[in-house]
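Structure first, then comments.
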Amino acid sequence: MIQAIFSHFLLSGSHYTTANYVRENWNWNPNPSAIKKILQNTVYIGNYHNIENYCKSIIDKKIYDQAQDIFANKRTIKSAPTNRVYIFSRLLKCADCGQAMAGTYQTHRRIEYYYYRCELYSRRRACTHSKRINEKVLENILLESLESYIDQYLMEYHAKIAAPNPLKNERAKLTKKLEKLKDLYLNDLISMDEYRLDYNRYMEKLNQIQVVDSPKPNIATLEKFQAESFRTAYLQANREQRRSMWRNLIRAIFITSDNRIERISFA
Ligand SMILES: [Zn+2]
């Protein structure tokens with residue numbers, strides 16, 4: 001069977017179809033990964049843990065090497081698309097469904113154009129956000145209006161900080177009540193039963209209040225942000241550098257279904 005696996009793999013070039021072949025011909029239902037393990041196992045050419053001629057080889061070394069070449073070529077083919085750098089990868093979110101917008105490209109007259117599209121739409125058509133957004137267009141909008149996006153963000157941030165937080169107040173009140181209750185009990189002004197009863201009541205209420213503190217953006221950095229020097233550095237940067245420049249600055253950009261920037265959350 002091992003010999004048959006090797007020869008089928010050399011013919012088909014795929015450990016997936018080889019797994020199917022094994023399934024159809026033997027009483028075994030292997031994972032493609034199990035087939036891959038067999039094809040890469042040096043024990044079949046007699047080597048075991050780097051000891052040559054440890055056991056009798058059942059596969060010719062030439063055939064074994066050809067199989068390894070197929071895997072090596074696959075890797076290079078497979079890794080090629082990852083060389084494509086999407087400047088906004090992992091930063092864009094669909095404003096409709098909250099899913100990530102994944103990078104995609106199209107070649108026109110040998111030039112690659114980059115786009116982003118809602119993953120929920122592209123995978124299952126489960127979102128109405130069908131339009132893709134052009135990377136270049138988005139990049140220009142961001143570069144041009146970066147200051148105003150930051151200003152708006154800082155304004156909203158300070159307004160939120162200044163606003164009273166009713167939940168926080170409620171939590172502080174309950175904590176105070178609990179302290180008072182403890183005092184009463186320690187001074188023998190209430191019984192253990194009374195203490196327990198009220199304690200449980202307050203704790204239950206306290207547990208219901210969950211003040212979610214949103215992650216703090218780096219406000220000091222944003223306030224000092226020099227848009228002009230960012231732009232100068234950006235225009236000289238390559239795609240990879242551009243990607244990290246945006247990632248250092250921005251946590252997420254929400255894109256509406258008509259391709260507008262709904263809001264930006266800064267890092
Ligand atoms: Zn969506």
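The values are calculated or read from the model by the stated rules, or taken from the named source; none is laboratory data. Quick caveat, the model's predicted, so the values are computed rather than measured. Please note: Cβ atoms are built from the backbone with ideal geometry, for glycine as well, and neighbour counts cover all protein chains shown. The protein model used for the area step is the full one, side chains on, heavy atoms only, and it has no ligands, DNA or RNA in it. Shrake-Rupley method; radii C 1.70, N 1.55, O 1.52, S 1.80 Å.
Using a 1.4 Å probe, what is the accessible area per residue for the stretch 1-130, in Å²?
Here the per-residue accessible area is 66 Å².
Could you list, by residue number, the cysteines of the chain that have no other cysteine's beta carbon within less than 4.7 Å of their beta carbon?
For the chain, the answer is C55, because their Cβ atoms have no other cysteine Cβ under 4.7 Å.
As a quick test, which of the pairs K131/K160; K93/K173; K136/K160; K36/K93; K37/K93; K93/K160 have an alpha carbon distance above 30 angstrom in this structure?
In this structure, K131/K160; K93/K173; K136/K160; K36/K93; K37/K93 exceed 30 Å between Cα atoms.
Of T175, N218, I261, whose Cα points farthest to the positive end of the dipole of the chain (charges on the beta-carbon: +1 Lys, Arg; -1 Asp, Glu; origin at the Cα centre)?
The residue sitting farthest along the positive end of the dipole is I261.
With r defined as the distance between the Cβ atoms of M203 and A159 and R0 fixed at 45 Å, what FRET efficiency is calculated, to the nearest 0.05?
For M203 and A159, the calculated efficiency is 0.85.
Could you work out how far apart the two model spin labels at Q40 and Q241 are, taking each label as a point 7 Å from the Cα in the direction of the beta carbon, and quote it in nm?
3.6
What is the gain in length, in nm to one decimal, between C97 and Y113 on full extension, counting 0.36 nm per residue of separation less the C-alpha to C-alpha distance?
That works out to 3.3 nm of additional length.
About its Cα centre, what dipole magnitude does the chain give when the only charges are +1 on Lys and Arg Cβ and -1 on Asp and Glu Cβ, stated in debye to the nearest 20?
700
Under the definition of Cα pairs under 8 Å and six or more residues apart, what whole-number percent is the relative contact order of the chain?
Computed over the chain, the figure is 17 percent.
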